[in-house]
1. Take the solvent-accessible surface of the protein heavy atoms, probe 1.4 Å, and return the percent of it on the stretch 94-178 that carbon and sulfur atoms account for.
2. As an exercise, identify the GluC sites (Glu not before Pro) in the stretch 132-195 lying in DSSP coil whose Cβ has no more than 16 other Cβ atoms within 10 Å.
Amino acid sequence: MPELKRAEISRNQIYDIFIIIGFIVIYILFYYFVTVSDTVIEGKSQQMESPKSEFQKNPMTTSEIIEIPTAVPTAVPTAVPTAVPTAVPTAVPDVTFTPMVNEPKSYSIKIDVSHGFYPNVITINKSDIIIWYDDEDQRTRIVLLSKDGLFENKLMQNQDKYKYQFNQQGKFTFNLAEYPSNKEYNNATGSVVVN
């Protein structure tokens, strides 16, 4: 009769098995026990919980359930099932859907006379903010023009910033012009498309 050999496992194999088991335990802990996460939004810590339905927020108690009696006949034929009392809630919670309000986002556009606007065209959402950065190093002053009259001409010096919040939809065009004549530079036009 052949002799049975015992399987040998090296220390490295045992070490690898323990590492795999450790990763599995960490995954299970994260998956099952982490329900609330802390996030940092603009330097403020806020707790975010998983969303609950209206039924989870307002559970019905037994006092809110009434029994509806049904007539039970005295002689029940074998082919007809008997009536079963059913429970009906007395109050149905109001479900109100509120649209998610997104915080306005900020986008930056570099401007200089040589290259115009970068990016040349940008698409944003209503209430978002554009910040124009004067990156012009050859001219001391340039003027930012709104072709659609959103704001008055803005005189900008090197490294100046100007921000504007777009509260209406549409396509808006901007130009750069020389100071003080407001003569527009060629190829220095940019657009903002607001959805």
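1. 44
2. GLU152
The values are calculated or read from the model by the stated rules, or taken from the named source; none is laboratory data. Every value quoted in this text rests on a predicted model; they were computed, and no experiment measured them. With ideal geometry, Cβ positions are generated from the backbone for all residues, glycine too; neighbour counts draw on all protein chains shown. Surface accessibility is based on the protein's heavy atoms, side chains included, excluding ligands, DNA and RNA. Shrake-Rupley method; radii C 1.70, N 1.55, O 1.52, S 1.80 Å.
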